[in-house]
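First up is the structure itself, then whatever we jot down about it.
The values are calculated or read from the model by the stated rules, or taken from the named source; none is laboratory data. Note that the coordinates shown come from a computational prediction; the quantities given were computed from them, not determined experimentally. FYI the Cβ positions are ideal-geometry reconstructions off the backbone, even for glycines, and counts take in every protein chain you see. To get the accessible areas, we keep the full protein, side chains included, count just its heavy atoms, and leave off ligands, DNA and RNA. Shrake-Rupley method; radii C 1.70, N 1.55, O 1.52, S 1.80 Å.
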Amino acid sequence: MEIAFTARGCWTHVRRKFYDASQSHIKGADNLLHLIDEMFALEREWQAYSPRVRRRRRRSRLRKVLKRFWRLIDRTEVLPQSRLGKAIVYAQKQRPYLDRIINDGVIDWNNNAAERNMKSLVIGRKNWLFSTSTQGAEATAIWMTFIESAKANHIDPRQYLTDLLKA
């Protein structure tokens with residue numbers, strides 16, 4: 001089975017930049033943050049829906065809020081190096097990837113779950129730097145990849161490794 005990968009943006013990363021600008025009391029940041037929060041609220045409401053229903057909701061309701069967001073982005077004049085300017089530039093660069101959410105009910109609105117799952121690998125990678133050899137660190141990274149892959153696919157890691165070693 002071949003899996004196609006389509007790059008998409010993460011609205012949590014976009015929101016974080018606008019939140020930082022808003023906390024700095026930069027004029028205009030609050031309006032943009034409010035629209036992002038409105039989109040997040042809709043997504044939370046639809047979280048348990050089937051991908052088909054979520055896609056329909058995204059196309060009918062989320063698209064309208066998203067259009068308002070992009071119109072406001074396009075009309076906002078700020079210095080590119082200001083906090084709000086950096087948030088806007090980041091969002092604009094991510095726009096093709098962020099907009100993909102509208103036509104897909106399967107993908108998540110953000111990638112928080114994926115990042116949480118990778119956290120143990122990232123923390124482990126730091127610890128493996130202090131392994132007594134390069135080969136030891138590489139081997140540990142490979143085993144951790146097997147274990148995290150099993151967890152991500154709801155497979156018992158111990159059973160998975162046992163089966164893998166028997167093959």
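Things worth noting here:
- Using a probe of 1.4 Å, the accessible surface attributed to Tyr90 totals some 70 Å² when neighbouring protein chains are kept in position.
- Using a Förster distance of 45 Å, the FRET efficiency for Asp156-Lys27 (Cβ separation, nearest 0.05): 0.25
- Highest average packing first - 50-62, 145-157, Cβ atoms within 10 Å: 50-62, 145-157
- Whole-Hz Karplus values for the stretch 26-33 come out as 8, 4, x, 5, 4, 4, 5, 4 Hz, taken residue by residue from phi with 6.51 cos²θ - 1.76 cosθ + 1.60 and θ = phi - 60°; glycine and proline positions read x.
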